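Chemist: Structure in structure tokens, see below.
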Amino acid sequence: MQNNKRLIDQTAEWKALERHWQSLSGTRMRDLFARDPVRCERYSLSACGIDLDYSKNLVDQEAMKRLMALARAADLSRWGDALIGGEKVNSTEGRAVLHMALRNLGYREYRHEGRDVMPGIRSVLSRMRAFSDDVRAGRWLGYTGQRIRDVVSIGIGGSSLGPRMVCEALRPYQDPGLRVHFVSNIDGAHLGRTLEDLDPASTLFVIASKTFTTQDTLTNAVSARRWLLDAMGNEAAVARHFVAVSTNAEEVQAFGIDADNMFEFWEWVGGRYSLWSSIGLPIALAVGMERFEELLLGAHDMDEHFVREPPETNMPIILALLGIWYLNFGGCDSCAVVPYDQYLEHFPAFLQQLDMESNGKRVTRDGVPVTYQTGPVIWGQVGTDAQHSFFQLLHQGTRLIPVDFILPLCSHHPLPGHHEKLVANCFAQAQALMRGRTEAEARAEMEQLGLDEARIRELLPHRVFPGNRPSNMLVFDRLTPRVLGSLIALYEHKVFVQGVIWGVDSFDQWGVELGKQLAGHILRNFEEIACTPGVDCSTASLVRRYHLADCNGED
Ligand code: G6Q
């Protein structure tokens, strides 16, 4: 697919949006609501069981129309076709990007270099089903004949964040007899602490690595194997306690895992888009294959919505354009995501990788430095905890930070009195961000409290809230596997749309590679690293400091 050589900020559509942001500068969302009784209906839509209310944004119809025009100027629909058509949209790595095929439970045809990818996908899915059914039913036994009670998934980045987030989100669907743990950090504390309470005889390791060369994962995998063999005393035990998920059969075998115990996937699946592939094996083990397939179905629902729906009613496109509106025209540099659901605890961390690794790029696909902001800083935490930490800055800080609220309307834990309070808090935060509190309101409140005039004047600047702070509200009935699949795919497509508009390659991650290379270099030269032209003095001195540390001494 031909790249568009013109930078997007040189287009008439971009310039018109700059002007429009300026023209809205005195506009207050409170007034927009007051003037338009159907504002909420106008800026709401539903798809795949998810309702999006985006009326609490600083937009009018003109803004939305111009944002849609920007998407057209970036050739969005042509890039969408290229993605589905298996073209090498990941141009810097020369790869197609076909994660949508992994959840293609419909009729769509996906081809890679002329070959239908669906038979391979279906065959891996059926191997995952057989294996996860066997483990969950107690037919797959450990080396000493014990049933598997704990699964430890070892992987990092894209090979961990997605499955970890989904397993936690679907905890109400998990079989209590099989616990799933995730180890990612090369810090020995992560593996060490996880294994402390586990019994090698009933523990299964899933080693998840696309390349099977990642230092963090292999170091943890080697230590896990040692832990197992120390207890079992026989190499043959590895075949009953280790399976691998990878694209690299050679390295898997070199590690000592039999080809029969390997679940493959393909180079056209990007790490952070891989939870739908066999990287999702821990999910299938945790909640069963039927539920894993419901998750795929939910993502497929959102794919179909994204592919078919016109931009004006297309949820991922709308979310992407609103993000661009604030980032590129409103001067924001971050977005907060706040799920009001304890089970979505890991969702912000998952989105951080999805978004920041995909669109944290400073040149276009053609290698031209961009002259505008690209990927925002994504951060967040679950509500209501977040209200008692960073919400102060959202309400009264100097920065404009749009928020995505995510809320299930029904709880998996209907403890009396809890859920309605959670819901009320979530709605109140969005309302407070939008409305703020005017001087007159703050004054009236203080007068009612009986404060004297001098004290009122003193406190007034502190008790006034500017408001006009934007948010999206995403609600659904219950966090089921299917809704979760749709929610994840919604954000995947949002990130894709933004990447297309910015003209960047959303599917490479050269920054991650550089860190991997330099860590290897420091490690190889640990003993004699010195301040030389290739090594800065700070790094050399830190290594010397490391050697001087007394790690065997008393506390
Ligand atoms: C994701 C990135 C990165 C990757 C990890 C683990 O898109 O490529 O986060 O997933 O570095 O890589 P492996 O799966 O190859 O071990």
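Chemist: Could we say that Arg272 is buried (at least 19 other Cβ atoms within 10 Å of the Cβ), within 19 Å of Tyr143 (Cβ to Cβ), of a type in the set (D, E, K, R) and modelled with pLDDT of 95 or more here? Talk me through it step by step, then tell me what you get.
Modeler: Details: buried (at least 19 other Cβ atoms within 10 Å of the Cβ): yes; within 19 Å of Tyr143 (Cβ to Cβ): no; of a type in the set (D, E, K, R): yes; modelled with pLDDT of 95 or more: yes.
It is false that Arg272 is buried (at least 19 other Cβ atoms within 10 Å of the Cβ), within 19 Å of Tyr143 (Cβ to Cβ), of a type in the set (D, E, K, R) and modelled with pLDDT of 95 or more.
Chemist: Okay, next question. Would you mind stating whether Leu178 is of a type outside the set (Ser, Thr, Tyr), over 25 Å from Leu354 (Cα atoms) and over 20 Å from the mean Cα position of the chain (by Cα)? I'd like the intermediate steps shown before the answer.
Modeler: Numbers: of a type outside the set (Ser, Thr, Tyr): yes; over 25 Å from Leu354 (Cα atoms): yes; over 20 Å from the mean Cα position of the chain (by Cα): yes.
Judged against the criteria, Leu178 is a match.
Chemist: Out of everything in the stretch 346-398 that is assigned to a loop (DSSP other than H, G, I, E, B) and free of Cβ contacts under 8 Å to residues at least 24 places away in the same chain, what residue ends up being nearest to the ligand (Cβ to nearest atom)?
Modeler: Pass one, the stretch 346-398, residues assigned to a loop (DSSP other than H, G, I, E, B): 346, 360-362, 364-368, 370-376, 381-384, 389-390, 397-398.
Checking which are free of Cβ contacts under 8 Å to residues at least 24 places away in the same chain leaves us with 362, 367, 389, 397-398.
Details: Arg362: 18, Gly367: 20, Ser389: 27, Gly397: 31, Thr398: 33 Å.
Ranking the candidates gives Arg362 first.
Chemist: Please state which of the following conditions Gly155 fails to meet, knowing it meets all the rest: (1) crowded, with 21+ Cβ neighbours inside 10 Å; (2) more than 14 Å from the ligand (Cβ to nearest atom).
Modeler: Going through the list (1) crowded, with 21+ Cβ neighbours inside 10 Å; (2) more than 14 Å from the ligand (Cβ to nearest atom), Gly155 breaks only (2).
Chemist: Something else: Look through the stretch 158-198, keep the residues that are without any contact (Cβ under 8 Å) to a residue 60 or more places away in the chain and part of a strand (DSSP E or B), and return whichever of them is nearest to the ligand (Cβ to nearest atom). Give the steps one after another, and end with the answer.
Modeler: Step one: list which residues in the stretch 158-198 are without any contact (Cβ under 8 Å) to a residue 60 or more places away in the chain, which gives 160, 176-177, 179, 181, 183-198.
Next, only the ones that are part of a strand (DSSP E or B) stay: 179, 181, 183.
Values: Arg179: 23, His181: 18, Val183: 13 Å.
Among those residues, the one meeting the criterion is Val183.
Chemist: Within the set of pairs 6+ apart or on separate chains, which have a first residue in the stretch 211-226 that is of a type in the set (Lys, Arg), a second that is surrounded by fewer than 17 Cβ atoms within 10 Å (Cβ to Cβ) and at pLDDT below 95, and C-beta atoms under 9 Å apart?
Modeler: Listed by first residue and then by second, the contacts come to Arg225/Gly256.
Chemist: Do we find a residue being farther than 30 Å from Leu67 by Cα and hydroxyl-bearing (Ser, Thr, Tyr) anywhere in the stretch 494-510?
Modeler: no
Chemist: A follow-up question, please. Out of curiosity, is Thr203 out of contact with any strand residue (DSSP E or B) (no Cβ under 7 Å at 6 or more places or on another chain) and polar (S, T, N, Q)? Let's see the steps before the verdict.
Modeler: Working: out of contact with any strand residue (DSSP E or B) (no Cβ under 7 Å at 6 or more places or on another chain): no; polar (S, T, N, Q): yes.
No, not satisfied.
Each row is one residue, and each column tells you yes or no for (1) away from the ligand (no atom under 16 Å from the Cβ); (2) charged (D, E, K, R).
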site	(1), (2)
Gln509	no, no
Glu513	no, yes
Leu518	no, no
His521	yes, no
Glu528	yes, yes
Gly534	yes, no
Ala540	yes, no
Arg544	yes, yes
Leu548	yes, no
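Chemist: Then there's this: Do the conditions hold for Ile186, that is, is it among the β-branched types (Val, Ile, Thr), farther than 26 Å from Thr480 by Cβ and buried (at least 20 other Cβ atoms within 10 Å of the Cβ)? I'd like the intermediate steps shown before the answer.
Modeler: Details: among the β-branched types (Val, Ile, Thr): yes; farther than 26 Å from Thr480 by Cβ: yes; buried (at least 20 other Cβ atoms within 10 Å of the Cβ): no.
Judged against the criteria, Ile186 is not a match.
Chemist: Just checking, does the stretch 220-231 include any residue being within 15 Å of the ligand (Cβ to nearest atom) and surrounded by fewer than 22 Cβ atoms within 10 Å (Cβ to Cβ)?
Modeler: Looking through the stretch 220-231, at least one residue is within 15 Å of the ligand (Cβ to nearest atom) and surrounded by fewer than 22 Cβ atoms within 10 Å (Cβ to Cβ).
Chemist: Mind checking which residues of the stretch 418-476 are touching a Gly at 6+ places or on another chain (Cβ under 6 Å) and at positive phi?
Modeler: Hits for the stretch 418-476 are Gly436, Gly467.
Chemist: Report whether or not Glu264 is at pLDDT 95 or above, closer than 15 Å to Ser123 by Cβ and surrounded by fewer than 22 Cβ atoms within 10 Å (Cβ to Cβ).
Modeler: Details: at pLDDT 95 or above: yes; closer than 15 Å to Ser123 by Cβ: yes; surrounded by fewer than 22 Cβ atoms within 10 Å (Cβ to Cβ): yes.
So Glu264 fits the description; yes.
Chemist: With respect to Ala489, is the statement that it is touching a residue at least 40 places away in the same chain (Cβ under 8 Å), surrounded by fewer than 23 Cβ atoms within 10 Å (Cβ to Cβ), closer than 25 Å to Met356 by Cβ and of a type in the set (A, V, I, L, M, F, W, C) true? Spell out the reasoning first.
Modeler: Working: touching a residue at least 40 places away in the same chain (Cβ under 8 Å): yes; surrounded by fewer than 23 Cβ atoms within 10 Å (Cβ to Cβ): no; closer than 25 Å to Met356 by Cβ: yes; of a type in the set (A, V, I, L, M, F, W, C): yes.
When the stated conditions are applied, Ala489 does not pass them.
Chemist: Okay, next question. So in the stretch 85-114, with the set limited to residues that are surrounded by fewer than 20 Cβ atoms within 10 Å (Cβ to Cβ) and under 16 Å from Met302 (Cα atoms), which one is modelled with the lowest pLDDT?
Modeler: My answer is Gly106.
Chemist: Are any of the residues in the stretch 325-336 within 15 Å of the chain's Cα centre (by Cα) and of a type in the set (A, V, I, L, M)?
Modeler: yes
Chemist: Considering only residues that are within 15 Å of the ligand (Cβ to nearest atom) and either within 19 Å of Leu141 (Cα to Cα) or among the β-branched types (Val, Ile, Thr) (or both), which ones fall in the stretch 244-266?
Modeler: Scanning the stretch 244-266 gives Ala244, Val245, Thr247, Val252, Ile257, Met262, Phe263.
The values are calculated or read from the model by the stated rules, or taken from the named source; none is laboratory data. No experiment lies behind these values; they were computed from the predicted model shown. Cβ atoms come from the backbone with ideal geometry, glycine included; neighbour counts cover every protein chain shown.
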